[in-house]
Amino acid sequence: MEVKPKSACETCVQFNADGLKKLGVNTSDFDFVVALAGNPNTGKSTVFNAMTGLRQHTGNWPGKTVTRAEGAFEYNKEKFKLVDLPGTYSLLSTSEDEEVARNFILFGKPSVTVIVVDASRLERNLNLVLQILEITNNAVLCLNLMDEAQRNNLEINTRTLAKDLGIPVVPTSARYNRGIPELIQTISELANGKIVCKPHRIKNIPKNIEQALEKLSAEIKEVYPDIPNSRWIALRLLEGDRNIIETLKTGEFV
Amino acid sequence: MNTNKIDHIIALSNDLRWQIGDEFHDNLAEGIYADAAEIVKGAVRKKDEKGTFRIDTKIDKIITSKVWGFPLMFIILAVVLWMTIVGANYPSAMLSGLLLDTIHPALKGFASNIGMPWWLDGFLIDGVYLAVAWVIAVMLPPMAIFFPLFTLLEDFGYLPRVAFNLDHLFKLSGAHGKQALTMSMGFGCNAAGIVATRIIDSPRERLIAIITNNFSLCNGRWPTQILIATIFVGALVPASYSGIMSLAAVIGIAVLGMVFMFLVSWGLSKTVLKGEVSTFNLELPPYRPPRFWKTIYTSIIDRTLIVLWRAIVFAAPAGAVIWLISNIYLGDASIATWLIDSLDGFGFLLGLNGVILVAYIVAIPANEIVIPTILMLTVLVTGISAGEGAGVMFELDSATATGDILRAGGWTLLTAINLMLFSLLHNPCSTTIYTIYKETKSVKWTTVASVLPVILGFVVTFLVAQIWRLLA
């Protein structure tokens with residue numbers, strides 16, 4: 001991860017917090033699209049509400065958000081459309097409720113993907129994080145429910161985590177509005193290219209699969225040189241995903 | 001353009017897939033988990049082995065235990081209901097005092113002052129206004145108590161535990177365990193419960209959940225159950241026990257609804273919706289202390305008022321219809337009288353009467369107005385002097401006075417019990433029917449979901465009436 005230097009004031013969240021306007025459902029004329037993804041019941045809707053000022057129904061059970069919700073906020077004169085996706089455990093399965101999230105991350109081309117995780121269940125949540133990082137280059141990890149992690153006596157080194165994942169990590173407790181200004185600042189910097197990610201790519205793959213992936217991905221790159229996720233498409237082709245085969249033909253994800 | 005190359009890529013991927021073999025998916029998943037474990041090892045440290053994880057586990061051991069799980073569920077349900085019933089009394093009385101006893105006469109006075117014709121005054125003030133006022137007075141207080149309580153339980157993390165407890169029963173009936181969640185939502189509002197079925201992946205099990213959601217007694221029907229139970233069932237025992245007796249009767253009906261949900265799910269999954277029960281992972285989330293005031297605020301503003309508004313939108317035209325059928329005459333009888341007379345015979349077979357059946361036809365838009373419609377129509381047929389005239393909905397100040405009118409209309413304990421059963425087992429309200437159509441996009445399944453409960457209601461009330469009359 002590479003951060004370009006800035007003046008001291010510009011980097012201060014409190015200085016910039018003045019520039020935030022919650023726009024509710026008014027999602028017209030936006031500059032950037034931001035997707036909120038994550039496992040079920042990690043507080044995506046709570047983060048969404050905190051940023052947009054909306055009151056999406058929240059509840060402590062997995063599977064509460066069943067449709068895509070959209071809202072907006074303005075930060076330093078730029079308008080961001082925020083899309084709250086239904087929670088998913090994985091992008092590899094074929095279940096229908098997860099399709100909304102899968103398709104949006106892959107084909108909706110969000111400028112930034114915010115991956116919301118439950119800080120006290122990080123290992124399980126990383127399964128999805130690592131998959132999303134195969135697809136997109138511009139992501140931020142929102143380490144939510146930090147209050148619970150602290151109560152469970154977990155200590156998380158966010159700098160190591162950011163280095164290993166290759167994306168910025170922002171600890172939050174969205175229920176208490178903690179960390180939200182920092183998250184918004186990071187989203188804005190990612191969208192404007194002030195932070196450049198070097199996302200982690202899955203390493204522990206058996207050699208034969210890795211070789212197959214390289215072969216396929218090289219060929220895909222020849223046809224579509226500009227896509228960041230040729231390896232993911234190769235993965236899905238090996239899986240035999242019909243959806244991907246179709247879109248490969250139409251070239252929709254370019 | 002690149003069609004050849006793309007075909008080549010696809011062909012290559014097919015070849016490679018054969019070379020790699022079946023283990024691809026598992027190997028990939030293992031790879032991801034290995035990466036995740038490495039990363040976590042470097043970044044997360046547990047300071048101390050003791051933590052609140054243990055407290056969560058302890059609570060879970062009790063509320064999902066085989067012994068305590070079910071009794072605790074019923075106790076929680078009973079407490080929520082009791083708080084709703086008792087707590088709603090006072091604001092309900094206040095609201096009806098204001099809307100029905102103060103504003104209504106004032107409006108009538110104003111109308112006669114400006115010389116409004118009787119039919120316009122009757123149509124607007126006695127028809128539309130009274131229906132709306134009724135829905136607000138009867139529905140708002142219980143909803144403003146029930147929804148926040150329910151949301152608090154939801155925020156705390158109790159709902160997935162209910163699903164966990166009921167999973168086994170749903171599985172036995174061939175349905176999806178997550179149906180327990182949509183069932184719970186249905187106790188608030190069936191339309192909301194039906195939207196929530198989107199969490200069920202399998203289309204077959206989702207249809208079962210949609211069709212049977214109506215067996216969750218919804219908010220519009222709780223007041224009917226409570227009122228009738230108080231008048232007829234509570235009166236069976238000495239006054240000091242009548243509260244508990246009526247609460248037990250209402251819970252009995254709610255539980256009976258769940259029994260029907262299981263039976264119908266089972267029936268559907270053995271006949272028209274055959275298939276395997278899908279397995280799923282249900283994560284039991286950690287208990288989270290609800291943010292009390294915020295929950296109260298949002299559930300009143302967002303849920304209660306939205307549901308209330310929808311009820312008002314549907315109640316206003318229903319009020320107009322009631323007034324019209326009571327005041328338009330065919331020959332020497334009003335349409336209402338004519339309808340009641342023609343349905344009386346069928347009503348008797350079911351242990352009900354013509355009035356109740358007409359009320360249910362008129363009240364398809366909103367279940368909340370069933371009781372006021374019944375009262376109004378009963379007065380119309382019996383001709384006793386009470387209320388405010390033909391086609392005017394009203395509520396009597398005390399349950400006793402309501403009981404007197406109903407008894408004068410020929411009501412017995414059988415009528416009351418069958419009304420409670422029929423209120424549980426009849427077609428969903430029009431909002432719910434519309435939601436079912438939107439979710440299924442199928443006229444066929446919408447019809448099934450709407451007609452099936454009525455048929456069941458007819459069968460059940462018929463059987464109860466016949467057995468009752470044999471024994472009595």
From (1) without any contact (Cβ under 8 Å) to a residue 24 or more places away in the chain; (2) more than 30 Å from B:Thr298 (Cα to Cα), pick out the condition that doesn't hold for A:Gln150. (2)
The lone exception for B:Asn27 - which of (1) surrounded by 13 or more Cβ atoms within 10 Å (Cβ to Cβ); (2) farther than 30 Å from A:Val169 by Cβ it fails: (2)
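For every residue, the table says whether it meets (1) at pLDDT below 75; (2) buried (at least 22 other Cβ atoms within 10 Å of the Cβ).
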position	(1), (2)
B:Val355	no, yes
B:Val370	no, yes
B:Ile374	no, yes
B:Val379	yes, yes
B:Gly403	no, no
B:Ala408	no, no
B:Ile417	no, no
Among residues of segment B:243-295, those that are of a type in the set (Val, Ile, Thr), surrounded by 17 or more Cβ atoms within 10 Å (Cβ to Cβ) and within 13 Å of chain A (Cβ to nearest Cβ), counted: 1
Applying the selection to segment A:225-240, what residues are more than 10 Å from chain B (Cβ to nearest Cβ) and more than 21 Å from the chain's Cα centre (by Cα)? A:Pro225
Is it true that B:Asp155 is surrounded by fewer than 19 Cβ atoms within 10 Å (Cβ to Cβ), within 14 Å of chain A (Cβ to nearest Cβ), among the acidic types (Asp, Glu) and assigned to a helix (DSSP H, G or I)? no
Go through the residues of segment A:178-191 one by one and say whether even a single one is without any contact (Cβ under 8 Å) to a residue 60 or more places away in the chain, exposed (fewer than 15 other Cβ atoms within 10 Å of the Cβ) and not aliphatic (A, V, I, L, M). no
Members of segment B:80-107 that are surrounded by fewer than 18 Cβ atoms within 10 Å (Cβ to Cβ) and of a type outside the set (A, V, I, L, M): B:Trp82, B:Gly87, B:Asn89, B:Tyr90, B:Pro91, B:Gly97, B:Asp101, B:Thr102, B:Pro105
Kindly indicate whether B:Val313 is on the phi < 0 side of the Ramachandran plot, of a type in the set (A, V, I, L, M, F, W, C), surrounded by fewer than 17 Cβ atoms within 10 Å (Cβ to Cβ) and not in a loop (DSSP other than H, G, I, E, B). yes
Mind listing whichever residues of segment A:193-218 are touching a Ser or Thr at 6+ places or on another chain (Cβ under 9 Å) and farther than 26 Å from B:Glu38 by Cα? A:Lys194, A:Leu216, A:Ala218
Options B:Gly115, B:Gly31: the member that is outside any helix (DSSP H, G or I) and without any contact (Cβ under 8 Å) to a residue 24 or more places away in the chain: B:Gly115
Scanning segment B:193-206 for residues that are surrounded by 22 or more Cβ atoms within 10 Å (Cβ to Cβ) and among the aliphatic types (A, V, I, L, M), the one farthest from the other protein chains (Cβ to nearest Cβ) turns out to be B:Ile194
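The values are calculated or read from the model by the stated rules, or taken from the named source; none is laboratory data. In this text, all values refer to a predicted model and were calculated from it rather than measured experimentally. Quick reminder, even Gly has a Cβ in these numbers, built from the backbone with ideal geometry, and neighbours come from all protein chains shown.
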